Structures are given as structure tokens and as C-alpha cells.
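**Q** Here it is, the structure in full.
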Amino acid sequence: MLSTFAQKYPALGLTIVTVFWGLSFSLMRNWQLRAHEWTGDDPARQAQASLILMVIRMTAGTLVFGTLALRLPRTQAPGWGAGAWVGVFMGIGLFLQLWGLAHTTPALCAFFTGLASLWVPIIAYLLFGKSVALANIAGLVLSLIGGTILVEGGWKLGIGELLTVFASVMFAAQIIALDRLGQNADASRMSAGFFLAIALLSALGVAALTPGIGTYETVSFITNTLTDRWVQLDLVLLIALPTLWGFWWMNLCQPRLDATRAGLIYLLEPVFSTLFSWLIGHDALTVALVAGGGLILLGNAVAEWGVVRKPSDQDLAN
């Protein structure tokens, strides 16, 4: 029933996804705050804590959608490989974003994540030689001005904001990959490959960092954190809504929409993120947050509305 609804109303389905993703920023920030007792200011431990959360989320997704995909008729549309490629870009972006949340607030992280749609035409130009629209340049300038207002001290970006900017580039690559590979793929199979790729990459990252941190220290962090009832509640919400439901409907709805329209819908994500973050207490609605975030949203809107030809069906496919 959920699948039928999303296919019939993909724009509304993608809007619901942005609500879930908006909530995810605060839930992931809760994890990083809880992990800080163990990580302190150690970058390796911060990265390890981020990867462990990704393993938990993506393993759950792999189990659920892997089971569904294996039950599908073999004659149905493929999708494992397409999902895996999309997952590689998304996985790197999620890791950088989650690591960045150890150093910044959910609202700031969400607004800088919103730069992703601005990088799409630029990446398309670098990869496919397609021209960059004037509207995209104007939108990028507006968003960069908004970013300087958001960050205290102007261009003095902190590590959290920088990590999120790098994450936004990977999310842009993910949008292009999904647009190119998701048109003829089965959503369940694609979601299974998507989750499996991220889970494997995250697990490899955990395995690579564990010798330097210590197996006992890593295991102790996992057991101590997962026995916290508030962490358990956050994980249930994070896995059920932004992870399973959110990424499933992303893979189901976005390929059914014009890329410009999808990009505009994604602009709602930082709005919902700021709302949840304010309600939970991670962010205050300051003038800088509202003005800077508003300029980033305006910059994205200018870029999206100004693109006459959509990159997904015409530019990127050529």
C-alpha cells in the first residue's frame, strides 16, 4: 500500500521523505553527543562512532530490503548494481555528514547539505561537458553569501561545516547517479543494493580503525551506548523513518519526478531539520540562522527554477 501511494503521488512521497530526513539530523546529533563521552576530541574515535552508527542503520536496511528483493520474481527489473553505485556516493556523503555533526548543529549541517543540488550542474559539466546555467551561478553566489552569514566569523568555516560541504558534493554525485541509473530499476532491489554497499563500506571503515583505537575500547563503546534507553529510542526512530522508509521512497519517488521538481522538494529538508532541531533544543532561531539559511534556500530555488532543460532526462543521458 505504501509503495502504491508513493508511485501515485511521488511529489508528496518525496516531501514526506524530507520530513524524515529533517528529523534524522537531530537524531544523529543525539548520537554524537552521547558518543562524545568516549570520543572526546579524537578524530579517529569520532570517525569510528560515525561509522558504527552507519553500520547499524545500513545493516538493518540490508536485512529488510535484501529479504524483499530475494523474494521478487527473477523476471522483474534489476536494481542491485544500480543501488550499489548510488550507495557508494551516498555512503561517503553520509559518513562526512555524520562526522560533521560531531562539530556543528543539525540546522547548520542541513543548510550546508542543501548545497548538493547546486553542485549537480557543475559535476555534470565536469563529467559530461554540459554548460552551467547562469541561474545556477547566481544561486551558488546567493547560497555562498548565506553560508558566510550562517557561520560565525564569516568564511572561517569550522571542521563540521567543511565536512558537510564535502558531503554535499557526494550527495550531488548520488543525485546524478540515481537519476541515470534509477529509471528502469526495481526500487526494492535498488534499495537492497544501496544499503548493502553502504553497510559493507562502513564495516570496512570500522575494521580499519579498530586496531588503532583498540578492540576492547570499541566494543565497550558499542555495548555501553546501545544499553542507553534514549539511544535505543533514537535508533528505532532513525532506522524506521529516515533509513528504511526514507531511502526506500527516495529510490521509488525521485526517478518518477523531473529533476528540477525533485530538487525543489529537497529544499524542504533543512526547513524541517531546523524545526526539529529547535524543538529538541539543538538550535536557537537566531537572525543569522534564519537569514543565512533563507539565502541558501533562495539560492537553491533560483538555480532550480532557472534551469530550462532538466539534466536528468536530456543533458545527463547524452
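The values are calculated or read from the model by the stated rules, or taken from the named source; none is laboratory data. Bear in mind that the values here come from a model prediction, so they are computed numbers and not experimental data. FYI the Cβ positions are ideal-geometry reconstructions off the backbone, even for glycines, and counts take in every protein chain you see.
**Q** Just one of 223, 218, 274 is in a helix (DSSP H, G or I) and surrounded by 23 or more Cβ atoms within 10 Å (Cβ to Cβ); which is it?
**A** 274
**Q** Next question. May I ask you to verify whether residue 23 is in contact (Cβ under 8 Å) with a residue 60 or more places away in the chain, among the aliphatic types (A, V, I, L, M) and either surrounded by 21 or more Cβ atoms within 10 Å (Cβ to Cβ) or not in a helix (DSSP H, G or I) (or both)?
**A** yes
Per-residue answers, yes or no, for (1) aromatic (Phe, Trp, Tyr); (2) surrounded by fewer than 23 Cβ atoms within 10 Å (Cβ to Cβ):
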position	(1), (2)
124	no, yes
135	no, yes
167	no, no
189	no, no
194	yes, no
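**Q** While we're on this one: I need a count of the residues in the stretch 296-318 that are assigned to a helix (DSSP H, G or I) and either surrounded by fewer than 15 Cβ atoms within 10 Å (Cβ to Cβ) or modelled with pLDDT under 85 (or both).
**A** Result for the stretch 296-318: 15.
**Q** Answer yes if at least one residue in the stretch 202-212 is at positive phi, at pLDDT 95 or above and surrounded by fewer than 18 Cβ atoms within 10 Å (Cβ to Cβ), and no otherwise.
**A** No, every residue in the stretch 202-212 fails to be at positive phi, at pLDDT 95 or above and surrounded by fewer than 18 Cβ atoms within 10 Å (Cβ to Cβ).
Table: residues versus (1) part of a loop (DSSP other than H, G, I, E, B); (2) within 19 Å of the chain's Cα centre (by Cα).
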position: 102; (1), (2): yes, yes
position: 109; (1), (2): no, yes
position: 121; (1), (2): no, yes
position: 124; (1), (2): no, no
position: 131; (1), (2): yes, no
position: 141; (1), (2): no, no
position: 148; (1), (2): no, no
position: 157; (1), (2): yes, no
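**Q** Tell me the residue from 12, 63, 98 that is buried (at least 18 other Cβ atoms within 10 Å of the Cβ), assigned to a helix (DSSP H, G or I), out of contact with any Lys or Arg (no Cβ under 6 Å at 6 or more places or on another chain) and not polar (S, T, N, Q), please.
**A** Just a single option satisfies the conditions, and that option is 98.
**Q** Right, here's the next one. How many residues does the stretch 67-89 hold that are small (Gly, Ala, Ser), surrounded by fewer than 19 Cβ atoms within 10 Å (Cβ to Cβ) and either within 24 Å of the chain's Cα centre (by Cα) or at pLDDT 95 or above (or both)?
**A** Qualifying residue count for the region: 1.
**Q** Name the residue, out of 212, 129, that is over 15 Å from residue 84 (Cα atoms) and touching a residue at least 12 places away in the same chain (Cβ under 8 Å).
**A** 212
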